[in-house]
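Undergrad: Can you keep this structure in mind? I'll have questions shortly.
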Amino acid sequence: MRLHLVTAGVIALMSMANAQPPATRDLNLKGDRFKPLTYDQLTPEQKTMVEHLFAGERGGMNGPFNVLLRSPEMGDQAQKLGAQLRFHSALSAKQRELAIIITARHWTAQYEWTAHRKLAMQAGISPAIADAIAAGKRPASLEPDQEIVYNFCNEILNAKQVSDATYKAAVDKLCERGVVDLTALVGYYQFVSMILNLDRYPLPDGVKPELQPLRGGRSE
């Protein structure tokens with residue numbers, strides 16, 4: 001009888017534990033036009049996307065993911081592409097973050113700029129380079145591989161083409177895989193920038209927008 005009661009108690013405790021919401025229920029989502037969702041509001045498809053995000057390298061849902069939850073099957077595939085490009089591409093952290101802040105500047109994506117300017121500094125991009133990009137000007141001093149990335153990104157964003165000379169320099173330095181990864185990275189962060197601008201995604205408390213509209217809508 002006593003064993004039966006103990007067994008019943010253990011089963012009850014296990015049932016209670018299994019009934020607890022997952023740790024990811026505290027999503028801490030933000031948004032403006034798109035109201036931040038709570039875990040209890042999510043559909044099964046949205047919960048799958050959330051689980052994948054918290055299990056991945058990001059470990060959270062800042063940025064475009066509150067919006068992307070509205071189309072969770074697409075959003076989940078998009079976040080997987082972003083994780084591949086951000087964490088597993090052929091580019092170095094410095095090359096990658098330079099490309100991201102150039103793209104954020106192109107779109108005047110304030111949150112993307114603020115988040116990745118910090119990451120660019122951590123990767124070794126100098127404040128002077130970031131300041132020049134923020135002002136829409138070509139940085140005065142770029143390392144050889146930074147110049148290749150800057151030229152490539154600037155041309156593909158503004159001219160919608162890449163010259164033979166710029167393409168050859170990029171392939172020589174980054175190899176073909178690196179050029180494809182760089183192009184995809186720019187494309188992905190244009191997508192992210194559009195989502196953030198569509199939502200008017202808020203900056204962290206106390207942080208003011210750093211980017212001003214570019215003259216003529218493009219950098220030099």
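Undergrad: The chain: D in µm²/s via Stokes-Einstein (Kirkwood Rh, Cα pairs, 4 °C, 1.567 mPa s)? Intermediate values should be presented prior to the final figure.
TA: On the way: Rh = 19.4 Å.
D = 67 µm²/s.
Undergrad: Right, next: Taking 8 Å as the Cα distance limit and 6 or more residues as the minimum spacing, I'd like the relative contact order of segment 90-217 as a percentage.
TA: 40
Undergrad: Let me ask another. Working from Cα positions, state the angle (0 to 90°, nearest 10) between the long axis of helix 72-87 and the longest principal axis of the chain.
TA: 60
Undergrad: For helix 110-123, report the angle its Cα long axis makes with the longest principal axis of the Cα atoms of the chain; keep it between 0 and 90° and round to the nearest 10°.
TA: Helix 110-123 and the main axis of the chain meet at about 80 degrees.
Undergrad: Extending each Cα 7 Å along its Cβ direction at K47 and D32, get the distance between those two points in nm, one decimal.
TA: Output for this residue pair reads 3.3 nm.
Undergrad: Mind running the shape call on segment 23-85? Use the C-alpha gyration tensor, a ≥ b ≥ c as the square roots of the eigenvalues: rounded below 1.5 for a/c, prolate if a/b tops b/c, oblate otherwise.
TA: rounded
Undergrad: Run the numbers on segment 23-85 and let me know its relative contact order in percent, using alpha-carbon pairs under 8 Å that are six or more apart.
TA: Relative contact order, segment 23-85: 33 percent.
Taken together, the values in this text are just the output of simple stated rules run on the coordinates, not laboratory data. Quantities reported herein were computed from a predicted structural model and do not represent experimental measurements. Every residue, glycine among them, receives a Cβ derived from its backbone with ideal geometry; neighbour counts consider all protein chains shown.
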